[in-house]
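K.L.:
Just dropping this structure here.
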Amino acid sequence: MSMMTYRQAVHDTLQSEMRRDPDVLLLGEEIGVFEGSYKITAGLLAEFGEKRVRDTPIAEEGFTGAAVGAAMLGLRPVVEIMTINFSLLALDQIINHAAKIYGMFGGQTSVPLVIRTPGGGGQQLGATHSQNIELFYAFVPGMKVVAPSTPADAKALLLAAIRDDDPVLFLENLALYNTRGEVPDDNTPAEIGRAAVTREGADITLIGYSRMATVALAVADDMARTDGIDVEVVDLRSLRPLDRETIVASVRKTGCAVVVEDDWLTYGIGAEIAATISDGAFDDLDAPVRRVAMAEVPLPYAKPLETAALPSAHDVARAVRETLDAVGWSAPALPTPETRS
């Protein structure tokens, strides 16, 4: 195991896959000479040259379309779209071409394409540069959408995405780039479509992905320490395909659920999770599923307003307490300093 940042895990995985497979190439704005807006591609142009690390014009539809064509012809392009907000300019290529070609042509050609793109608020980048619009892509059959929350998952899921024969949208939250964690030294890919129970618990299930999965885990650890609440945490990791079995199994065990997401509440990922729980664990629920999301506004630029609009650890903890209060849950007696010793 090696300790590294999320940013380093993505960089090292790209580098190792390019060394392993000469068909892997990178395309994107400023990823070569400038080494990427977030320095993910630092040093890769010097190692692999302009043929495999290609600086593109500021034309997302154009270079995404070029990557789709390259993938159809046998290469394995990894596209960096500077932020997920700019992917809107490539919607036609992603949704109408990358996601549909395999099915429309009866499996005669696949599109082994990865689109890496960061998103999320909290960086004071304004309403048009701070969105999490992954639900646009998770909605589309033919796409795979993954959202790792830890450096270890960033490596394992990127390995899986690059080696997959289907188009994969690989989501990176800006707030996670400098987070640190242990990463296995081996190159074993994760299974796309498999959630992870990152904390076992018995009282309530907290479900999140990307940044909110890390917030959920921190809240769970804090509530166990301060309130004696035993929270189980499910990190979705993959939004399409969605691991409904793990979600339902956890809620059947605990009887309560709170879903947290870094996006608007209406029509969001959380709504799909709530529906999944209703379909698979309705008779096991002791209280309605609660959802925590950001305010339904274009994200403000002003820092106090931006912070207020985004879901926080306080919001998550309050939703957990309100859910447990609704079922008459009683906290166990916490150990005193004397009993601890």
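K.L.:
Scan segment 220-235 for residues that are within 15 Å of ALA319 (Cα to Cα), open to solvent by less than 40 Å² (accessible area, probe 1.4 Å) and touching a helix residue (DSSP H, G or I) at 6+ places or on another chain (Cβ under 7 Å) and report the count.
P.N.:
Residues in segment 220-235 being within 15 Å of ALA319 (Cα to Cα), open to solvent by less than 40 Å² (accessible area, probe 1.4 Å) and touching a helix residue (DSSP H, G or I) at 6+ places or on another chain (Cβ under 7 Å): 5 in total.
K.L.:
Among the candidates ALA275, ALA249, ALA257, ALA271, which residue alone is in contact (Cβ under 8 Å) with a residue 12 or more places away in the chain, open to solvent by 20 Å² or more (accessible area, probe 1.4 Å) and under 19 Å from TYR209 (Cβ atoms)?
P.N.:
ALA271
K.L.:
What number of residues within segment 110-137 satisfy the criterion of being farther than 17 Å from LEU89 by Cα, within 17 Å of the chain's Cα centre (by Cα) and surrounded by fewer than 23 Cβ atoms within 10 Å (Cβ to Cβ)?
P.N.:
Matching residues across segment 110-137 total 1.
K.L.:
Suppose we filter LYS144, LYS100 for residues that are within 26 Å of ALA293 (Cα to Cα), of a type outside the set (S, T, N, Q), open to solvent by 10 Å² or more (accessible area, probe 1.4 Å) and touching a residue at least 40 places away in the same chain (Cβ under 8 Å); which single one remains?
P.N.:
One residue alone meets the criteria, LYS144.
K.L.:
Pick out the one residue from ARG199, ARG211 that is surrounded by 21 or more Cβ atoms within 10 Å (Cβ to Cβ), among the basic types (Lys, Arg) and either in contact (Cβ under 8 Å) with a residue 24 or more places away in the chain or closer than 30 Å to LEU91 by Cα (or both).
P.N.:
None of the others qualify; the one that does is ARG211.
To keep it simple, each residue is scored yes or no on (1) without any contact (Cβ under 8 Å) to a residue 24 or more places away in the chain; (2) out of contact with any helix residue (DSSP H, G or I) (no Cβ under 7 Å at 6 or more places or on another chain); (3) closer than 23 Å to ILE133 by Cα.
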site: MET1; (1), (2), (3): no, yes, no
site: PHE34; (1), (2), (3): yes, yes, no
site: GLU47; (1), (2), (3): no, yes, no
site: ASP55; (1), (2), (3): no, yes, no
site: GLY74; (1), (2), (3): no, yes, no
site: MET82; (1), (2), (3): no, yes, yes
site: ASP92; (1), (2), (3): no, no, yes
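K.L.:
Might you let me know whether segment 257-268 holds any residue that is under 22 Å from PRO118 (Cα atoms) and assigned to a helix (DSSP H, G or I)?
P.N.:
no
K.L.:
Among the residues of segment 57-72, which ones are touching a helix residue (DSSP H, G or I) at 6+ places or on another chain (Cβ under 7 Å) and open to solvent by less than 50 Å² (accessible area, probe 1.4 Å)?
P.N.:
Of everything in segment 57-72, those that are touching a helix residue (DSSP H, G or I) at 6+ places or on another chain (Cβ under 7 Å) and open to solvent by less than 50 Å² (accessible area, probe 1.4 Å) turn out to be GLU60, THR64, GLY65, VAL68.
The values are calculated or read from the model by the stated rules, or taken from the named source; none is laboratory data. Since we're looking at a predicted model, the values are computed, not measured. Cβ sites come from the backbone with ideal geometry, for glycine too, and all protein chains shown count toward neighbours. Note: areas computed on protein heavy atoms with side chains; ligands, DNA, RNA excluded. Shrake-Rupley method; radii C 1.70, N 1.55, O 1.52, S 1.80 Å.
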